[in-house]
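*Asks:* Got a structure for you, written out below as structure tokens; questions coming shortly.
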Amino acid sequence: MTKPAATPAPRIRVLSSVDDAHVRQLADVLVDCVEGGASVSFMLPLTRERALAFWRHVAEGVAGGERALLVAEDAQGIVGTVQLVLAQPENQPHRAEVSKMLVHRRARRQGIGALLMQAAEQLALEYGKTLLVLDTSSAEAERLYARLGWTRVGVVPGYALLPGGEPCDTTYFYRTLPDQRVAPQVR
């Protein structure tokens, strides 16, 4: 009896530009997550047109250097994504916000969230960011962030609404990354 071939690990990559095919696939992920109950700024019903408009706006931010967009892809296309919001106030050049970490329900429990977060941290360092912040209303995501070394700051009760309209708490996290810049030599 032969073992079935192992499913290849999803590929994580940074999209330096976002085309229409990317927008359509990202919209599929967003709609799936919202329909699955994720509190990610959208209410039910989330129309495909609204999801497409959101990702087109993100694409503009990527093109303008305000955001970095990472995706996880498997044989069927994009199954996950996370963003780094790079554009911050001038007194916070060292900081980025992690936003919209989404994994399609068909691809969960495969380590994709962890891969996306680790890639986002590495990319943040490449941009010179040493402090990352994020918020979540998902207990599952909280466990992931804690496992990855993020520090839980606290909870704001009733901060947002779940897609169906019920209030939910939001938990804030931060992660300090090692400053990779070379220190000047003292002579």
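The values are calculated or read from the model by the stated rules, or taken from the named source; none is laboratory data. Note that the coordinates shown come from a computational prediction; the quantities given were computed from them, not determined experimentally. Virtual Cβ from ideal backbone geometry, glycine too; neighbours counted across all protein chains shown. Side chains included, ligands, DNA and RNA excluded: accessible areas come from the protein's heavy atoms. Shrake-Rupley method; radii C 1.70, N 1.55, O 1.52, S 1.80 Å.
*Asks:* Over region 33-100, what is the mean sequence separation of C-alpha contacts under 8 Å (at least six apart), divided by residue count, expressed as relative contact order in percent?
*Replies:* On the way: 66 pairs, mean separation 13.3, N = 68.
20 percent.
*Asks:* Here is a follow-up. Efficiency by 1/(1 + (r/R0)^6): what FRET value for E90 and E66, r their Cβ-Cβ distance, R0 = 22 Å, to the nearest 0.05?
*Replies:* Values: r = 14 Å, r/R0 = 0.63.
Efficiency, from the Cβ-Cβ distance: 0.95.
*Asks:* Per Stokes-Einstein, at 10 °C and 1.306 mPa s, what whole-number D in µm² s⁻¹ belongs to the chain, with the Kirkwood radius over Cα pairs as the hydrodynamic radius?
*Replies:* Taking Rh from Cα pairs, D becomes 91 µm²/s.
*Asks:* Which Cα, out of T130, Y172, Q25, lies furthest along the positive dipole direction of the chain (beta carbon charges, K/R +1, D/E -1)?
*Replies:* T130
*Asks:* What does the charge dipole of region 10-102 about its Cα centre add up to, to the nearest 20 debye, if the Cβ of each Lys and Arg holds +1 and the Cβ of each Asp and Glu holds -1?
*Replies:* Using Cβ point charges on Lys, Arg, Asp and Glu, region 10-102 gives about 80 debye.
*Asks:* Let me ask something additional. To the nearest 20 debye, what charge dipole does region 73-148 have about its Cα centre, counting +1 at the Cβ of each Lys and Arg and -1 at the Cβ of each Asp and Glu?
*Replies:* The calculation lands at about 320 debye.
*Asks:* What FRET efficiency do you get for R24 and Y174 if R0 is 41 Å and r is their Cβ-Cβ distance, rounded to the nearest 0.05?
*Replies:* On the way: r = 33 Å, r/R0 = 0.81.
It comes to 0.80.
*Asks:* I would also like to ask the following. So for the chain, taking the charge dipole from beta-carbon charges (+1 Lys/Arg, -1 Asp/Glu), which of A141, Q110, S41 sits furthest toward the positive end?
*Replies:* Q110
*Asks:* Rounded to the nearest 0.05, what FRET efficiency do R13 and E142 give with R0 = 35 Å and r taken as the Cβ-Cβ distance? Could you check?
*Replies:* 0.85
*Asks:* Follow-up question, since we're still on this one. For region 1-101, compute the orientation-averaged projected area of the C-alpha convex hull (one quarter of its surface), in nm².
*Replies:* It is 8.5 nm².
*Asks:* Continuing with the same structure: If you take every residue apart from G149 with its C-beta less than 15 Å away from the C-beta of G149, what net charge results, scoring Lys and Arg +1 and Asp and Glu -1?
*Replies:* +2
*Asks:* Given the options I78, L161, G64, identify the residue whose Cα lies farthest towards the positive end of the charge dipole of the chain (+1 on Cβ of Lys, Arg; -1 on Cβ of Asp, Glu).
*Replies:* After comparing all options, I get I78.
*Asks:* Would you compute, from DSSP H runs of 4+ residues alone, the mean residue ellipticity of the chain at 222 nm, taking -39500 (n - 2.57) per run and dividing by the full residue count, rounded to the nearest 500?
*Replies:* On the way: 4 runs with 56 residues, N = 187.
Using -39500 (n - 2.57) per qualifying helix, the result is -9500 deg cm²/dmol.
*Asks:* Would you work out the charge dipole size for the chain about its Cα centre, treating the Cβ of every Lys and Arg as +1 and the Cβ of every Asp and Glu as -1, and quote it to the nearest 20 debye?
*Replies:* 560 debye
*Asks:* Of all the accessible heavy-atom surface of the chain, with the other protein chains kept in place and a 1.4 Å probe, what percent is carbon and sulfur?
*Replies:* Carbon-and-sulfur percentage of accessible area, whole number: 51.
*Asks:* Using a 7 Å offset from the Cα along the Cα-to-Cβ direction at both E166 and L131, what is the distance between the two label points in nm, to one decimal?
*Replies:* 3.5 nm
*Asks:* Just subtract the alpha-carbon distance of R106 and Q122 from 0.36 nm times their residue separation and send over the number in nm, one decimal.
*Replies:* Roughly 3.2 nm would be gained on extension.
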